[in-house]
Amino acid sequence: MTMNGETEENLKDLFEKLLNSEQAVEDIEKGERILRESAAPEPDDELIADIKAEITASLLHKKENAFVYKAAAIAAGFIILAIISVKLFETKIVQPPKPASNLIMPKAVWESERLADDGADSAALVDEVKQIESDLLAMQFGENGSNGYETVTEMETELTEINSDFWKG
Amino acid sequence: MAKNDDLARIISGCKSGNAESFSELVDIYSSRLYGYFYRLTGNRESSDDLLSELFVKLVGKIRSFKGGSFEGWLFKIASNIFYDYLRDKQQQKKLFDAQKNLFEPEEVTYAKESDDERIDELQTQLGKLDTDTRELIMLRFYSQASFKEIAAMRSEPIGTTLSKLHRGLKKLQKLMEQK
């Protein structure tokens, strides 16, 4: 074994430049010689075999860990994808259109049980319905001198037409 | 010594997790690394442990090698492992001394680490140098890294590295002559 090996440096130049001493180069060379002459023991073959076996086991363990991490990452990816899909699906569900009546009447009035309390317009509407109701009864019993049954049927047909026209807008 | 192309191929194989490439790396460097550890610890058992620890650590660390001198990089890890070992040993010694003072007031003779081994003269004289100088001499000798690389590894100016090495080797030479 040489001290310099393939990264050989010009010791003389280096020492002269940095330490300004030729003697230093000689001291270093003598020291190197001592180290070369007394070689350290070599590692046992058994130790080398053990180290190689340990490395193989360590590599195997690393590969197993890498597989587990990869599988976990893929599973996590799928879960995230599923969550995103569900969220997207939920936001895409179209809410049913509100009845057109909502546009004509305020929501509170539409949903109220006590129409008469919901304002003047609603009270007038209730009165009108009552009036139609009593007119219908009168016609049904022929109080206004007409054929009650026919008149009621005609009225109903007319109301149905009005109703369908109303919803068509 | 592996040629640069061979070494590059082996390192690339190691980075891919190839056991055969690691095996080649062990064959190339185990002797030098073992010598480095042995000269620093003076003990075969500790050197065995440190060499094993180094190569197992290398499996996890090889991907962090980004080029440059592989020997420099490898011996830097070896140096860190040695200093960790030294710290553990010092802590154990402190604990041991504390225990000894508490429970065993009488002087007890303990067997030295290397009693069962043939200690060569160089090892004895190396033991008389301070740890830092001994580590520097061994790092230079076994890693075969340039002074510039060694200075970088030790985070000190190249002039400091050179003068420390010079003083250390001169002292070692004197110690060997006095034996």
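Select from the range B:132-155 the residues that are open to solvent by less than 20 Å² (accessible area, probe 1.4 Å) and of a type in the set (A, V, I, L, M, F, W, C) and list them in ascending order.
B:Leu136, B:Ile137, B:Met138, B:Leu139, B:Phe141, B:Ala145, B:Phe147, B:Ile150, B:Ala151
Could you grab me the full set of residues in the range A:37-49 that are within 7 Å of chain B (Cβ to nearest Cβ) and either touching a residue at least 24 places away in the same chain (Cβ under 8 Å) or open to solvent by 70 Å² or more (accessible area, probe 1.4 Å) (or both)? Give the steps one after another, and end with the answer.
Let us first name the residues in the range A:37-49 that are within 7 Å of chain B (Cβ to nearest Cβ), namely A:38, A:40-43, A:47-48.
Across the range A:37-49, the qualifying residue is only A:Glu42.
Within the range B:117-150, how many residues are within 21 Å of B:Leu86 (Cα to Cα) and either part of a helix (DSSP H, G or I) or modelled with pLDDT under 90 (or both)? Even if it seems obvious, please write down each step before you answer.
Taking the range B:117-150 as the starting set, the residues that turn out to be within 21 Å of B:Leu86 (Cα to Cα) are B:117, B:119, B:122-143, B:150.
Cutting the leftovers down to either part of a helix (DSSP H, G or I) or modelled with pLDDT under 90 (or both) gives us B:117, B:119, B:122-126, B:131-143, B:150.
Summing the residues that are within 21 Å of B:Leu86 (Cα to Cα) and either part of a helix (DSSP H, G or I) or modelled with pLDDT under 90 (or both) in the range B:117-150 gives 21.
Kindly provide the set of residues from the range B:51-68 that are touching a residue at least 24 places away in the same chain (Cβ under 8 Å) and either within 8 Å of chain A (Cβ to nearest Cβ) or open to solvent by less than 20 Å² (accessible area, probe 1.4 Å) (or both), ordered by number.
Within the range B:51-68, B:Leu54, B:Phe55, B:Leu58, B:Val59, B:Ile62, B:Phe65 meet the criteria.
Report yes if some residue within the range B:17-34 is in contact (Cβ under 8 Å) with a residue 24 or more places away in the chain, more than 16 Å from B:Ser143 (Cα to Cα) and under 19 Å from the mean Cα position of the chain (by Cα); otherwise report no.
The answer is no, given that none of the residues of the range B:17-34 is in contact (Cβ under 8 Å) with a residue 24 or more places away in the chain, more than 16 Å from B:Ser143 (Cα to Cα) and under 19 Å from the mean Cα position of the chain (by Cα).
What tally of residues in the range B:14-66 results from selecting those that are under 22 Å from B:Leu86 (Cα atoms) and basic (Lys, Arg)?
Matching residues across the range B:14-66 total 5.
State yes or no: is A:Ala82 modelled with pLDDT of 65 or more, under 30 Å from A:Ser164 (Cα atoms) and assigned to a helix (DSSP H, G or I)? Full working, then the answer.
Details: modelled with pLDDT of 65 or more: yes; under 30 Å from A:Ser164 (Cα atoms): no; assigned to a helix (DSSP H, G or I): yes.
Answer is no for this residue.
Could you check the range B:156-179 and list, in sequence order, the residues that are touching a residue at least 40 places away in the same chain (Cβ under 8 Å) and not aliphatic (A, V, I, L, M)?
Passing the criteria: B:Lys171, B:Lys179.
Among the residues of the range B:21-34, is there at least one that is within 21 Å of B:Asp132 (Cβ to Cβ), open to solvent by less than 50 Å² (accessible area, probe 1.4 Å) and more than 10 Å from chain A (Cβ to nearest Cβ)?
No, that holds for no residue.
Just checking, does the range A:51-63 include any residue being modelled with pLDDT of 90 or more, surrounded by 13 or more Cβ atoms within 10 Å (Cβ to Cβ) and in a loop (DSSP other than H, G, I, E, B)?
There is no residue in the range A:51-63 that is modelled with pLDDT of 90 or more, surrounded by 13 or more Cβ atoms within 10 Å (Cβ to Cβ) and in a loop (DSSP other than H, G, I, E, B).
Hey, could you check the range A:122-142 for residues that are modelled with pLDDT under 75 and surrounded by 12 or more Cβ atoms within 10 Å (Cβ to Cβ) and say which is nearest to the chain's Cα centre (by Cα)? Quick ask: steps written out before the conclusion?
First, pick out the residues of the range A:122-142 that are modelled with pLDDT under 75: A:122-126, A:136, A:139-142.
Subset that is surrounded by 12 or more Cβ atoms within 10 Å (Cβ to Cβ): A:122-123, A:125-126, A:136, A:139-140, A:142.
Values: A:Ser122: 48, A:Ala123: 51, A:Leu125: 51, A:Val126: 52, A:Leu136: 61, A:Met139: 66, A:Gln140: 65, A:Gly142: 70 Å.
So the residue we want is A:Ser122.
Among what's in the range B:149-174 and is in contact with a helix residue (DSSP H, G or I) (Cβ under 6 Å, 6 or more places away or on another chain) and more than 16 Å from B:Arg134 (Cα to Cα), pick the residue that is nearest to the other protein chains (Cβ to nearest Cβ).
Among residues in the range B:149-174 that are in contact with a helix residue (DSSP H, G or I) (Cβ under 6 Å, 6 or more places away or on another chain) and more than 16 Å from B:Arg134 (Cα to Cα), the one nearest to the other protein chains (Cβ to nearest Cβ) is B:Gly159.
Answer with yes or no whether B:Asp48 is facing chain A (nearest Cβ under 10 Å), of a type in the set (Asp, Glu) and in contact with a Pro (Cβ under 9 Å, 6 or more places away or on another chain).
Spelling it out, B:Asp48 is indeed facing chain A (nearest Cβ under 10 Å), of a type in the set (Asp, Glu) and in contact with a Pro (Cβ under 9 Å, 6 or more places away or on another chain).
Quick check on the range B:167-175. Is at least one of its residues open to solvent by less than 30 Å² (accessible area, probe 1.4 Å) and in contact with a Ser or Thr (Cβ under 8 Å, 6 or more places away or on another chain)?
yes
Could you tell me whether B:Met138 is within 12 Å of chain A (Cβ to nearest Cβ), under 15 Å from the mean Cα position of the chain (by Cα) and touching a residue at least 60 places away in the same chain (Cβ under 8 Å)?
yes
The values are calculated or read from the model by the stated rules, or taken from the named source; none is laboratory data. Bear in mind the structure is a predicted one, so any value in this text is a computation, not a measurement. In this analysis, Cβ positions are derived from the backbone assuming ideal geometry, glycine residues included, and neighbour counts consider all displayed protein chains. SASA here: full protein model, heavy atoms, side chains in, ligands and nucleic acids out. Shrake-Rupley method; radii C 1.70, N 1.55, O 1.52, S 1.80 Å.
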